[in-house]
1. Against the condition in the same structural domain as A194 (by TED's automatic domain parsing) and either within 16 Å of P317 (Cα to Cα) or surrounded by 18 or more Cβ atoms within 10 Å (Cβ to Cβ) (or both), how does A83 come out, does it pass?
2. When you scan the range 150-184, how many residues do you find that are part of a helix (DSSP H, G or I) and under 22 Å from I97 (Cα atoms)?
3. Mind checking which pairs have a first residue in the range 205-233 that is in contact (Cβ under 8 Å) with a residue 60 or more places away in the chain and assigned by TED's automatic domain parsing to the domain that holds L136 and a second that is outside any helix (DSSP H, G or I) and of a type in the set (F, W, Y), Cβ under 7 Å, 6 or more apart or different chains?
4. Can you pull out the residues in the range 254-282 that are at positive phi and modelled with pLDDT under 95?
5. Quick one: is A147 within 23 Å of A117 (Cα to Cα), free of Cβ contacts under 8 Å to residues at least 60 places away in the same chain, assigned to a loop (DSSP other than H, G, I, E, B) and among the aliphatic types (A, V, I, L, M)?
6. I'd like to check something: does the range 185-192 contain any residue that is assigned to a loop (DSSP other than H, G, I, E, B) and either within 20 Å of the chain's Cα centre (by Cα) or modelled with pLDDT of 95 or more (or both)?
7. Can you tell me which residues in the range 317-355 are free of Cβ contacts under 8 Å to residues at least 60 places away in the same chain and in contact with a strand residue (DSSP E or B) (Cβ under 7 Å, 6 or more places away or on another chain)?
8. How many residues does the range 337-355 hold that are surrounded by fewer than 18 Cβ atoms within 10 Å (Cβ to Cβ), of a type outside the set (S, T, Y) and either in a strand (DSSP E or B) or in contact with a Gly (Cβ under 7 Å, 6 or more places away or on another chain) (or both)?
Amino acid sequence: MRVVSTAILVLTVLTLSGCLPVTRDLPGTAQVDGTVVTLTQPVDPLATQVTLLARRAPDPDFTIVALPDTQYYAESYPGIFRAQTTWIAQQRHARNIRAMLHLGDIVDNADQLGQWAVADESLAVLDREPNLPYGLAVGNHDQFPKADPDGTANFNAYFPGSRYAGQAWYGGHFGDDNDNHYILFEAGRVRFIAVFLEFYRQGNPAALAWAGDVLDAHPDRQAIVVTHFAMTSDVVAGKFSVQGRAIRDALAGRPNFFMLLGGHFCGAAHRSDMVDKASFYSLLADYQCWPNGGDGWLRLLEFSPRTGMLRSRTYSPTLDDHLTGEEHDFTLPVPFLSPDPFVPLDGVRTADGVAQATWSDLSPGRYEWIARYRVGPLRVETPPRMFVVD
């Protein structure tokens, strides 16, 4: 038997008018033995009711990086492209980056092999990171002739499915090339799938049917769909493009589809929609019209399982700065992130000023617990304390 958490608690007395902090030396302990934990909490001798509550602890915050149009970096500013992927690699542990999703237009001229070489060198930075998933949406500039869905020979020469076939996170592709593909990744207990659909102005019915089958085959994974041509930026809320509407009509309504990402139109926008009682967010980011081909701006999707919220921020590694404004920095509720509630434990025993309870059959992971009791008319609740089951 080993003690894995001991704390000197700062108790908060909750009254009808607000909170009054009171400090007391009340060390609580959690003793873990296999899959069983025994929680022990000294309580005030005047306490009239004692409850011990516990839950699986929320997972740590994590980040998904969306990389908007890099076409002008590949053409004229290769150092910015390389700085973006280098920053992602360097920050992956500090920011718990779980995946990078490219929003399309990797290059500006799909027939120029030099631009593909720049993209290859920059994205190879991520290849050298163990188990860092990323996917690439094929944009209209990644096709030659431009906007021709059949013109992806150079994209597939540099980024074929075989390049990623050895990666556990690479799910597969549609048809004989990598124009439409998907990746799989996790963030704690949340499992994700990201499906990448190539630029196809009206929406490719066969590729959309494949994408629907892929989402249906992974109902336990939260689904992000990425396509270059998703929505416009002519108003803050954005409007669906023709392909964006086709994606909405074909894929929305599935309970695991929660986000659509796109680029193509200069600017930023976001919107929320509901189809068949299932809601999803659509986010646009594209900074190619800004100085230096976009000044290195990235969209950081920062998820907080503890609050159940997503914060979208815009950051440039080359400028070391963030953009402000509602279209660049905003928060959204994410229902599947909502933390588990604290659950009262049965069989709480109190004797000699100590409350004790046992919680059994725990799976490995991090847990939190609190003590709640009444002292006269006041309700006292301890801050959460952690224990770990190996």
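1. Details: in the same structural domain as A194 (by TED's automatic domain parsing): yes; either within 16 Å of P317 (Cα to Cα) or surrounded by 18 or more Cβ atoms within 10 Å (Cβ to Cβ) (or both): yes.
The answer is yes for A83.
2. Quick first cut of the range 150-184, residues part of a helix (DSSP H, G or I) only: 153-158, 161-164.
Add one more test, that the residue is under 22 Å from I97 (Cα atoms), and what stays is 163-164.
Final tally of qualifying residues: 2.
3. Pairs found: Q222/F192; Q222/F258; I224/F192; V226/F196; H228/F199; F229/F199.
4. Start the filter on the range 254-282 by keeping residues that are at positive phi, which leaves 264, 267, 276-277.
If the condition is that a residue be at positive phi and modelled with pLDDT under 95, then G267, D276, K277 are the ones that fit.
5. Details: within 23 Å of A117 (Cα to Cα): yes; free of Cβ contacts under 8 Å to residues at least 60 places away in the same chain: yes; assigned to a loop (DSSP other than H, G, I, E, B): yes; among the aliphatic types (A, V, I, L, M): yes.
Criteria met by A147.
6. So in the range 185-192, the residues assigned to a loop (DSSP other than H, G, I, E, B) come out as 188-189.
Filter again for either within 20 Å of the chain's Cα centre (by Cα) or modelled with pLDDT of 95 or more (or both), leaving 188-189.
Looking through the range 185-192, at least one residue is assigned to a loop (DSSP other than H, G, I, E, B) and either within 20 Å of the chain's Cα centre (by Cα) or modelled with pLDDT of 95 or more (or both).
7. To start, the set of residues in the range 317-355 that are free of Cβ contacts under 8 Å to residues at least 60 places away in the same chain comprises 319-325, 329, 331, 333, 335, 338, 346-347, 349, 351-352.
Within the range 317-355, H322, L323, D329, T331, P333, G347, R349 meet the criteria.
8. 6
The values are calculated or read from the model by the stated rules, or taken from the named source; none is laboratory data. Predicted, not measured: the structure shown is a model, and the values here were computed from it. Note that we place each Cβ from the backbone using ideal geometry, even for glycine, and neighbour counts take in every protein chain shown.
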